[in-house]
Structures are given as structure tokens and as C-alpha cells.
Amino acid sequence: MISKLYLSVFILLFSLSIFSQKYILKANILNSKSDVLVLSKYNFNDKNYIDSLKIINNKIFYKLDDFEKGMYNIKNDYLSIDFIYNKENIVMEYDCSKKEDVIINNSIENKILNDFFSFYETNNLSYTLLSQLQKYYPQKDDFYDDIIDKINQLNQDNFDYIDSIKQNYPKTLVSKILQLYTPNKTSFLDTNISYSNDLSKTVFLGDLIISFINTYQNKDYSKEQQEKAFEPAIDIIFETFDDNPTLSINVAEYLIDKFRYFEFDEISEYISVKTTKFAKDKCLNNAVLRNKYNKITALANVRTGSVAPNFNIRKKIMLHDIKAKNKLVIFWTSWCPHCEEFLNDLIEKNKDLSSDIKIITYSLDFENETWKEAAKKFPPTWINRCMCEDATEAIPDAYAVYGTPAIFLLNEKNIIIDKPKSIDEIDFLFY
């Protein structure tokens with residue numbers, strides 16, 4: 001009787017353990033020279049680290065029970081594999097020596113996606129060739145009508161393919177992804193589709209947004225002209241996602257990061273202002289969204305013409321308390337070569353600095369000693385602060401510091417009048 005009870009308990013526990021391991025990632029990785037893989041999750045085109053996976057005897061095994069649906073990547077120096085996860089087992093095989101396409105089994109999502117792009121590439125190649133022919137053939141030519149008919153048929157084939165996926169697999173993530181590739185007149189943003197928040201967990205929406213923005217590029221424009229030309233594209237994007245604040249904030253953060261990387265500061269600020277206007281009080285009960293919104297708002301608050309955020313300089317002395325015709329606030333780090341170049345130039349010219357100018361440096365160094373050692377070369381008239389003194393102040397966040405050096409020129413009313421990139425842009429500060 002007791003043995004039967006033990007056996008029953010064992011069977012029950014075994015069954016529960018099997019049930020708890022509901023979804024798994026299994027991979028056979030052949031001929032890899034590294035035995036470690038990095039697993040990451042996509043947020044638009046950016047990858048967020050999740051875990052390091054060990055390859056044992058050419059195989060990996062990983063439980064996916066608690067994972068969100070979305071797009072993931074496993075990568076080392078020899079391979080990079082993207083895959084969609086939506087509550088199903090993933091079984092894959094990849095031979096690093098052959099560099100062939102990954103084989104993914106046991107996954108409806110990935111099979112549909114791979115099959116579609118095989119079809120789409122063929123379809124799109126034909127579409128591109130026919131579109132070129134359409135440009136050169138006169139409309140009166142009989143063949144012109146044939147070209148138009150074939151283009152329309154290709155569009156219809158593409159639409160039918162996507163529609164069949166939506167009908168047959170309505171709950172799949174891939175069915176939402178494929179809607180982005182529905183034929184339309186000008187761009188994917190004109191399609192009458194429902195933009196799901198799930199799309200921000202894949203690379204596809206980000207890719208198509210960038211493709212859309214690139215149509216507004218003009219190689220003959222100056223930087224200022226190009227930033228102005230991007231504004232209508234941004235307006236269209238915000239109109240498209242206007243009824244989805246969650247997606248809008250994600251899109252705004254993504255675009256700001258991309259534009260700031262290429263130092264397109266004006267269009268980055270333009271996006272931040274638009275986001276601040278339409279997203280206020282929307283979806284801000286979500287901590288992650290609220291954090292993103294606060295970062296975007298900070299950028300809007302430090303654009304040229306805004307009052308600079310106040311912060312403690314010395315004991316009981318705030319930035320705004322310092323009386324000077326101009327103040328130069330410099331965010332820097334000891335390990336940043338561009339910071340060193342700018343600061344060395346400024347030190348060299350410091351003797352020519354107007355007496356009515358105050359220099360305030362704010363280091364993002366983590367170690368107090370590292371900062372103090374690096375700051376020893378600064379002139380004694382400079383005011384120096386470090387994040388390591390009190391990281392809770394979050395001053396760099398208030399100034400939306402994306403990279404270093406970040407430089408802000410203030411007037412006597414503490415209004416930001418410029419954000420110079422080089423010493424040449426502030427020549428008027430010197431005698």
C-alpha cells in the first residue's frame with residue numbers, strides 16, 4: 001500500500017515536472033569554435049541581453065516557459081540566428097562551417113515566416129523588374145497594359161498569401177508581421193492595418209520605419225536641410241500610431257536613439273517635443289513606458305531656448321545661483337577620447353577666457369579617485385562635480401545625456417543658448 005502511494009506521488013511529481021517544462025529551445029550547433037552563445041531579445045532592432053547559453057556536445061537546451069512572445073537572437077563569433085517565439089517549442093540546427101541557412105523545426109511561426117520571405121523575395125524581384133519596364137514603355141504601347149496587369153497580379157498574389165496566413169493562423173505573431181508587407185500605393189504606413197504592440201518586439205517594424213524615413217533623404221542637402229526634410233516623415237509616423245500611445249512611445253525612443261547616434265540633434269528634439277505633447281498621461285501607469293517617456297521628455301526640456309535644469313554645484317550653491325554672463329556645462333568621462341580632446345583645447349585657451357564666463361564640469365565617472373585624478377589638470381577657476389559623489393541626483397538624465405562630451409552653453413538667465421560640439425563653436429567666449 002505504502003509503495004503504491006510512493007509510486008503515485010512519484011508519477012504525479014514527474015507529470016508536473018514534465019508539464020512545467022512546457023516550451024523549450026533545442027539546438028544542434030555543428031563545428032562551432034566557441035562553446036558559448038548569447039541569447040538576446042529584440043526591442044525594435046536593438047537587442048537586450050537575456051542569458052549566456054553553454055554548447056555541450058554540439059547541443060544547447062533552454063527552457064522558454066517564462067519568455068514573452070517576440071523575436072530573439074542567439075549569437076557568438078561564428079553564428080547569429082534570429083527566431084520568433086510565441087509559446088511553442090523551437091528546434092534548430094546550424095552548421096558553422098557551411099554558413100548555410102538555419103534549419104528551424106517544430107515551429108509554425110518560423111516556418112510561416114521563412115516560407116513567406118522565400119515567396120516575397122521572388123515576388124519582389126519580379127515586381128522591381130516590371131516597375132523598371134513600366135518607366136520606359138510608352139503608355140500607348142500594348143505591352144504597357146500587360147506590364148500593369150502583371151504588376152497588379154503580383155500585388156494580388158502577395159495580398160492573397162498574407163490574407164491566407166491571417167485566416168489560417170490568426171493568433172500567430174507572424175500574421176501580424178506579414179501585414180506590414182501588404183501591397184499599397186506609397187509606403188507601409190499607408191496600409192489600413194492594426195499596429196500591434198507585439199510588433200515592437202521584432203525587427204520588422206523598425207526596419208520598415210527606417211526604410212520609410214530613408215525615402216526623405218537627399219544627398220545634396222546640408223545637415224540642417226536634411227533634418228528639416230525629415231520632419232514630414234516624422235509627422236506621418238506619429239499620425240499612423242496616434243491611437244496607440246504604447247507603440248508611439250516605443251517608436252519615438254527608437255527613432256531618437258537612431259538620430260542621436262548620427263548627431264541629428266534637431267530632428268531628435270523635434271520627435272521629443274511631439275511625443276511630450278501627445279503622450280502625456282497616456283499609458284504612464286506602466287513603469288517601463290514611464291521611464292521611456294521621462295527620457296524623451298528630458299530631451300525636450302534641454303533643447304535650445306529652454307531653461308537649463310538646476311542642480312547642486314557646491315554646498316548650498318546651485319547652478320542657477322552662479323552669476324555669470326555665460327556658463328559652460330560640460331558632461332564628460334575620464335575614458336572618453338573626444339572629451340579629452342575638447343577639454344585639452346579648453347584648458348589651453350583658458351587663459352584667454354573672458355572673466356565673466358564660468359566653466360562647470362560634471363563627470364560621469366563611477367570611481368571618485370579616477371575622477372579626481374583626471375580632473376587634476378583643470379584650472380583652479382573651474383567648478384567640478386562628479387556623478388560618483390551622489391548618483392541619486394540623476395543630473396545626466398535631466399540633461400538627456402546620450403554620450404560624452406555633452407556641452408551646454410547657458411546665458412545669464414540660465415537659458416540654453418547652444419549645444420556646441422567643438423571648441424571652434426564657442427570662439428566668442430575668448431578674448
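The values are calculated or read from the model by the stated rules, or taken from the named source; none is laboratory data. Since we're looking at a predicted model, the values are computed, not measured. Using ideal geometry, Cβ is built from the backbone for each residue, glycine included, and neighbour counts are taken over all protein chains shown.
Some points to look at:
- Residue-level analysis places D101 outside the set of residues that are in a strand (DSSP E or B) and among the acidic types (D, E).
- Evaluation of I296 against the conditions (1) among the β-branched types (V, I, T); (2) in the same structural domain as D257 (by TED's automatic domain parsing); (3) outside any helix (DSSP H, G or I) shows that the sole unmet condition is (3).
- For the range 42-79, a residue qualifies if it is touching a helix residue (DSSP H, G or I) at 6+ places or on another chain (Cβ under 7 Å) and either over 24 Å from S175 (Cα atoms) or among the basic types (K, R) (or both), and exactly one does: K69.
- E109 being over 30 Å from I24 (Cα atoms), within 28 Å of the chain's Cα centre (by Cα) and in a helix (DSSP H, G or I): no
- Those strands (runs of 3 or more DSSP E) of the range 323-423 in which at least 2 residues are among the polar types (S, T, N, Q), touching a residue at least 24 places away in the same chain (Cβ under 8 Å) and surrounded by 14 or more Cβ atoms within 10 Å (Cβ to Cβ), considering only elements entirely within it, cover 357-363.
- Scope the range 91-123; condition free of Cβ contacts under 8 Å to residues at least 60 places away in the same chain, surrounded by fewer than 13 Cβ atoms within 10 Å (Cβ to Cβ) and among the hydroxyl-bearing types (S, T, Y); matching residues: S118, T122
- For the range 279-290, the criterion of being buried (at least 20 other Cβ atoms within 10 Å of the Cβ) and in a helix (DSSP H, G or I) is met by at least one residue.
- For N57, the conditions (1) within 30 Å of I209 (Cα to Cα); (2) more than 28 Å from the chain's Cα centre (by Cα); (3) of a type outside the set (A, V, I, L, M) all hold with the exception of (1).
- Yes/no for S268 being within 15 Å of Y402 (Cα to Cα) and touching a Cys at 6+ places or on another chain (Cβ under 6 Å): no
- Filter pass, C336 being in contact with a Gly (Cβ under 9 Å, 6 or more places away or on another chain) and either farther than 27 Å from T246 by Cβ or at pLDDT below 95 (or both): yes
- Scanning the range 65-86 for residues that are over 25 Å from the mean Cα position of the chain (by Cα) and either of a type in the set (A, V, I, L, M) or at pLDDT 90 or above (or both) yields nothing.
- Residues of the range 333-361 that are hydrophobic (A, V, I, L, M, F, W, C) and closer than 18 Å to D424 by Cα: C339, F342, L343, L346, I347, L353, I357, I359.
- Unmet criterion (only one of (1) in contact with a Ser or Thr (Cβ under 7 Å, 6 or more places away or on another chain); (2) within 30 Å of I234 (Cβ to Cβ); (3) in the same structural domain as E389 (by TED's automatic domain parsing)) for T333: (2)
- Hits in the range 87-107 (condition: of a type in the set (A, V, I, L, M, F, W, C) and at pLDDT below 85): V102
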